[in-house]
1. Restricting to segment 123-155, and then to whatever is among the small types (Gly, Ala, Ser) and within 13 Å of Gly83 (Cα to Cα), can you tell me which residue is nearest to the chain's Cα centre (by Cα)?
2. Can you tell me which residues in segment 20-33 are within 14 Å of the chain's Cα centre (by Cα) and closer than 23 Å to Ala191 by Cβ?
3. Could you say which residue among Glu3, Glu17, Glu44 is within 18 Å of the chain's Cα centre (by Cα) and among the charged types (D, E, K, R)?
4. Taking the condition within 15 Å of Asp150 (Cα to Cα) and aliphatic (A, V, I, L, M), does Ile102 pass?
5. Please indicate, with yes or no, whether at least one residue in segment 53-66 is open to solvent by less than 10 Å² (accessible area, probe 1.4 Å), in contact (Cβ under 8 Å) with a residue 12 or more places away in the chain and over 30 Å from Gly170 (Cβ atoms).
6. Please go through segment 80-98 and give me each residue that is surrounded by 15 or more Cβ atoms within 10 Å (Cβ to Cβ) and without any contact (Cβ under 8 Å) to a residue 40 or more places away in the chain, ordered by number.
7. Do you know which residues across segment 1-45 are in a strand (DSSP E or B) and open to solvent by 40 Å² or more (accessible area, probe 1.4 Å)?
8. Asp177 fails exactly one of the following numbered conditions: (1) under 25 Å from Ala12 (Cβ atoms); (2) in contact with a helix residue (DSSP H, G or I) (Cβ under 9 Å, 6 or more places away or on another chain); (3) free of Cβ contacts under 8 Å to residues at least 60 places away in the same chain. What is the number of that condition?
Amino acid sequence: MHEIFPGTRELAEADLEALYAYRTPGRWLAVNFVSSADGAVTVEGRSASLSTPADRVIYRLGNDLADVVLAGAGTAVAEGFEGLRPDAHSADRRRRHGLAPIPPIAVVTTGHSLPADAPVITKALVPTIVVTSAATDPELRAAWAAAGADVLVAGTDAVDLREAVSTLAGRGLTRIDCEGGPRLFASLVAAGVVDELRLTIAPFLVAGEASRAAVGEDFDPARLELVSVLEDGGTLMLRYLVH
């Protein structure tokens, strides 16, 4: 992988780990997206077709260096999330960075899009954290718990993302890797809890009606600071700080 900015050099694995490590101490929430050159974040409802070998390296770094992986329920279900299963390489990386062997998935839901038998709950190796509000049907919350989930209630009528992120950090899950979807990303920005955007631009054109990275919330444009650009095989990997 080749660094374009702030320097010009070939990067070793240790360089990438240093570049993509979450800032500590304190909570750090990074959002990961892969997009086509014309702004699409899915093909037929999923992001997998846009991913390139370079993007998969960055995606894996996001998982491997995080305490928890945050996702919207729609994305978790559509992408077939089953929790993380670190291989020997990932396990070694996590051990070197002083992290727990397996990071949990935290799924944000209003209740409508996350059945209790969703693979992200039933197939995860460590309990999935279901983040919801007090307005969610108590029977559904009980069903999630019975299926093995750790139910985190944040907010009364709707999920309070600021409270949810604060609660995760209070549990020691300070390095947060968010993998979308677009509505969750926009809501996190609106809540003022996003620290970094990690955006991969894949060398494809998609057109159609695909979604973009952030949709749903209405807020003043958030100012971004470009802090690194990598290139590999025509794929660009950008990191922005959110101000």
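1. Among them, the one singled out is Ala124.
2. If the condition is that a residue be within 14 Å of the chain's Cα centre (by Cα) and closer than 23 Å to Ala191 by Cβ, then Tyr22, Trp28, Leu29, Ala30, Val31, Asn32, Phe33 are the ones that fit.
3. Values: Glu3 fails: within 18 Å of the chain's Cα centre (by Cα); Glu44 fails: within 18 Å of the chain's Cα centre (by Cα).
Answer to the check: Glu17.
4. Criteria not met by Ile102.
5. yes
6. The answer is Phe81, Pro86, Ser90, Ala91, Arg94.
7. His2, Ile4, Phe5, Arg9, Glu10, Val43
8. (3)
The values are calculated or read from the model by the stated rules, or taken from the named source; none is laboratory data. Here the structure is a predicted model, which is why all the values come from computation and not from measurement. So basically every Cβ, Gly included, is an ideal-geometry build from the backbone, and we count neighbours across all protein chains shown. Just the protein is used for accessible areas: all its heavy atoms, side chains included, with ligands, DNA and RNA removed. Shrake-Rupley method; radii C 1.70, N 1.55, O 1.52, S 1.80 Å.
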